[in-house]
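Notes follow the structure.
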Amino acid sequence: MSKRALVTGGAGLIGSHLTDLLVGEGWQVRVLDNLEPNTHRRGKPSWINPKAEFVKGDLRDRETITAALREIDVVFHQAAYGGYMPEISKYVHVNSLGTAQMLEVIRENNLPIKKIVVASSQAVYSEGAGDCPKHGLVFPAVRPVEQLRQGDWEVHCPICGAITKSAPTPENAPVGGETVYGLTKVDQEKLVLLWGKQVGTPTVALRYSCTYGPRQSIFNPYTGVIAIFCTRLLNDLPPVLYEDGEQTRDFSFVEDIARANLLAADTDKLDGFAVNVGSGEGTPIRKIAEILSTLLKINIKAEARGEFRPGEMRHLTSDTKLVRGAGYKPQIGLESGIQRYIDWIKTQSNIRDYFSEAEQILRSKGIVHRVGMKNA
Ligand SMILES: NC(=O)c1ccc[n+]([C@@H]2O[C@H](COP(=O)([O-])OP(=O)(O)OC[C@H]3O[C@@H](n4cnc5c(N)ncnc54)[C@H](O)[C@@H]3O)[C@@H](O)[C@H]2O)c1
Ligand SMILES: [Zn+2]
């Protein structure tokens, strides 16, 4: 029997690949997406799977979400407002309130939804776990702005202050959200998981690591470091590194993240949990710029300008034991994944640099600060 899925945000990076995977597996898929203009500046993208039903609409609209949830078995809730944009209330409205209302509608109408898989993020953590020479595995807090203003990027042990080394972050690390986006991802996963427990519907929150791949918006200068660096290089501009560029992230190729969603729908091993999904490996951001420059054969060095974003983590590598235990295994390595992204971006026309303009906005709104600045 074929299963019926609602993929919210199904025109986006992860949602569209997930839609393709589900359609390929014989699912009936409905996509709900409002084609957020920051992400889709040229309107409806060509990659929306023709075998899926496409509904253009805003999940914040009660009637729209009510209609979209009809005759659905599994909801893959991918739609969200993301990145480091300055609109505080929009995050809360789309991510937190949008999710809350969706759950309310399901309960109100007694819809027979069998499972909800919600897209969370590693942004729910405050800082990646650290390894202290004295205290072993520790969970440092976010680095204070005063420390960053002095150009001290290190993560210190919360007990003794020693410099820690990055360690894989397990799911039981404290969650908080040090950016508005992160805060609303905490809201989303907590809302879905606690609602699931209350009503007895299986729910899973997947804490994705940095996800990249073909179809990642080339218009959005606020999110997706690989896409941003790539569009900078293609415009003969240097990628801009915050801090010193040695901060590390865990990268996942989008098709692997799509497979994690299907796994979460199929297995009951992850039900009720917030689950890290990542590669388990940390890559310095500077290295990303180098890989791109080599693969693109554009010899422009990344620049670190002594700028930083308060609330940003220094290191984050996902501890992926839980998801691997349920059968997850990433299949695409970083270099081949980046090559796949480059092959795709070369098929896109008129690749502009939107970052320069965004940079000004981020500075003027106090989201990007500079070392030595008193009160940015
Ligand atoms: N890409 C990453 O690195 C990453 C990492 C961690 C978590 N996530 C999460 O994964 C999910 C998908 O992210 P993505 O990278 O595919 O982003 P994306 O921006 O490519 O896709 C999100 C989609 O949601 C749609 N959308 C936004 N607001 C909406 C609304 N109000 N109503 C209907 N549709 C709306 C957008 O038009 C877009 O197509 C998000 O929840 C995001 O927070 C992404
Ligand atoms: Zn210590």
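Quick notes
To keep it simple, each residue is scored yes or no on (1) in contact with a strand residue (DSSP E or B) (Cβ under 8 Å, 6 or more places away or on another chain); (2) exposed (fewer than 13 other Cβ atoms within 10 Å of the Cβ); (3) in the same structural domain as residue 263 (by TED's automatic domain parsing); (4) within 14 Å of residue 102 (Cβ to Cβ).
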site: 21; (1), (2), (3), (4): no, no, yes, no
site: 24; (1), (2), (3), (4): no, yes, yes, no
site: 38; (1), (2), (3), (4): no, no, yes, no
site: 41; (1), (2), (3), (4): no, no, yes, no
site: 44; (1), (2), (3), (4): yes, yes, yes, no
site: 48; (1), (2), (3), (4): yes, no, yes, no
site: 62; (1), (2), (3), (4): no, no, yes, yes
site: 70; (1), (2), (3), (4): no, yes, yes, yes
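- Residue 305 modelled with pLDDT under 95 and in contact with a strand residue (DSSP E or B) (Cβ under 6 Å, 6 or more places away or on another chain): no
- Top-ranked residue of the stretch 1-19 - restricted to ones that are free of Cβ contacts under 8 Å to residues at least 60 places away in the same chain and buried (at least 18 other Cβ atoms within 10 Å of the Cβ), ranked as nearest to residue 72 (Cα to Cα): 19
- Options 176, 200; residue that is surrounded by fewer than 19 Cβ atoms within 10 Å (Cβ to Cβ), farther than 30 Å from residue 73 by Cβ and more than 16 Å from ligand 2 (Cβ to nearest atom): 176
- Cβ-Cβ contacts under 6 Å between residues 6 or more apart (or on different chains), taken from a first residue in the stretch 38-63 that is closer than 19 Å to residue 215 by Cβ to a second residue that is in a loop (DSSP other than H, G, I, E, B) and among the small types (Gly, Ala, Ser), are listed as 39/217; 45/11; 48/11.
- Filter result for residue 297 (free of Cβ contacts under 8 Å to residues at least 12 places away in the same chain and more than 17 Å from the chain's Cα centre (by Cα)): yes
- Qualifying residues in the stretch 148-173 (those that are among the hydrophobic types (A, V, I, L, M, F, W, C) and within 25 Å of the chain's Cα centre (by Cα)) - the one surrounded by the fewest Cβ atoms within 10 Å (Cβ to Cβ): 153
Every residue, every condition in (1) within 16 Å of ligand 2 (Cβ to nearest atom); (2) in contact with a helix residue (DSSP H, G or I) (Cβ under 6 Å, 6 or more places away or on another chain); (3) assigned to a loop (DSSP other than H, G, I, E, B), yes or no:
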position	(1), (2), (3)
63	no, no, no
66	no, yes, no
72	no, no, yes
79	no, no, yes
86	no, no, yes
93	no, no, no
96	no, yes, no
99	no, yes, no
103	no, yes, no
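- For the stretch 147-170, the criterion of being within 16 Å of ligand 1 (Cβ to nearest atom) and in contact with a helix residue (DSSP H, G or I) (Cβ under 6 Å, 6 or more places away or on another chain) is met by none of the residues.
- Positions within the stretch 337-365 being under 23 Å from the mean Cα position of the chain (by Cα) and exposed (fewer than 13 other Cβ atoms within 10 Å of the Cβ), in sequence order: 343, 357, 365
- Residue list for the stretch 146-173, restricted to those being over 19 Å from residue 241 (Cβ atoms) and either outside any loop (DSSP other than H, G, I, E, B) or away from ligand 2 (no atom under 15 Å from the Cβ) (or both): 146, 156, 163, 165, 168, 169, 170, 171, 172, 173
- Tabulated pairs, the stretch 216-241, first on the phi > 0 side of the Ramachandran plot, second among the hydroxyl-bearing types (Ser, Thr, Tyr) and crowded, with 21+ Cβ neighbours inside 10 Å, C-beta under 8 angstrom, 6+ apart or interchain: 224/212; 224/217
The values are calculated or read from the model by the stated rules, or taken from the named source; none is laboratory data. Note that the structure is predicted; figures quoted are calculated from it, not measured. Ideal geometry is used to build each Cβ from the backbone, glycine not excepted, and the neighbour counts take in all protein chains shown.
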